[in-house]
Amino acid sequence: MGSFPITADGFDRLQVELKQLKNEERPEIIKAIAAAREHGDLSENAEYHAARERQSFVEGRIAELEDKLTRVEVIDVSKVSGDQVKFGAKVELADCDTDEEVTYQLVGEYEADISAGLLSISAPLARALIGKSVGDIAEVVTPGGHKDYEVIKISYK
């Protein structure tokens, strides 16, 4: 697999998560497994099986994060500018039907969180916004039908 774009903030969040998993979660799980082993028969020990299951999840997540962090292309959004929408842009939009306004920042797929206003660059809306300027209309086909959004403001922080 090739590299993928990520903002500096997203890169930092992934590094913090990896550090937390390695330095806090992993040692806690090791202690939990050791404590469960002291209780005797492991075949019927629910605490042991739960700790091993959690260990499997954490080790898988650690491997996934380490892989991602080796393949990222960190883009410093503070050095990006312009009057067109591109990766890292914070875009204020107005729904052409309802005039409802929303703001999204276009980010890498591994840092996307729509509830926090972080829209994956691979999302249909983000793809429709790329290259647009203030006043342009982005047309998006969604599962719920066709939606039009007007670009109100573009900024790079």
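The values are calculated or read from the model by the stated rules, or taken from the named source; none is laboratory data. None of these values were measured; they are calculated from a predicted model. As a convention, Cβ positions derive from the backbone with ideal geometry for all residues, glycine included, and neighbour counts pool all protein chains shown.
Tabulated results
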{"item": "Any hit, the range 15-28, residues being under 24 Å from Ile154 (Cβ atoms) and of a type outside the set (Gly, Ala, Ser)", "result": "no"}
{"item": "Selected residue (only one of Ile121, Ile114 is touching a helix residue (DSSP H, G or I) at 6+ places or on another chain (Cβ under 9 Å) and within 22 Å of Lys68 (Cα to Cα))", "result": "Ile121"}
{"item": "The range 119-157, subset farther than 14 Å from Glu92 by Cα and in contact (Cβ under 8 Å) with a residue 24 or more places away in the chain, residue farthest from the chain's Cα centre (by Cα)", "result": "Lys147"}
{"item": "Hits in the range 96-118 (condition: out of contact with any strand residue (DSSP E or B) (no Cβ under 6 Å at 6 or more places or on another chain) and closer than 17 Å to Val140 by Cβ)", "result": "Asp97, Thr98, Asp99, Glu100, Ile114"}
{"item": "Residue check for Thr98: assigned by TED's automatic domain parsing to the domain that holds Asn23 and hydroxyl-bearing (Ser, Thr, Tyr)", "result": "no"}
{"item": "Index of the failed condition, Lys68 passing every other in (1) part of a helix (DSSP H, G or I); (2) free of Cβ contacts under 8 Å to residues at least 40 places away in the same chain", "result": "(2)"}
{"item": "Filtered residues of the range 116-148 (kept if closer than 16 Å to Asp9 by Cβ and either modelled with pLDDT of 95 or more or not in a loop (DSSP other than H, G, I, E, B) (or both))", "result": "Ala116, Leu118, Leu119, Ser120"}
{"item": "Residue satisfying all of: in the range 89-115; over 19 Å from the mean Cα position of the chain (by Cα) and exposed (fewer than 13 other Cβ atoms within 10 Å of the Cβ); nearest to Asp9 (Cα to Cα) among these", "result": "Glu100"}
{"item": "Failed item, numbered, when Glu92 is tested on (1) assigned by TED's automatic domain parsing to the domain that holds Ile137; (2) under 17 Å from Glu111 (Cβ atoms); (3) acidic (Asp, Glu)", "result": "(2)"}
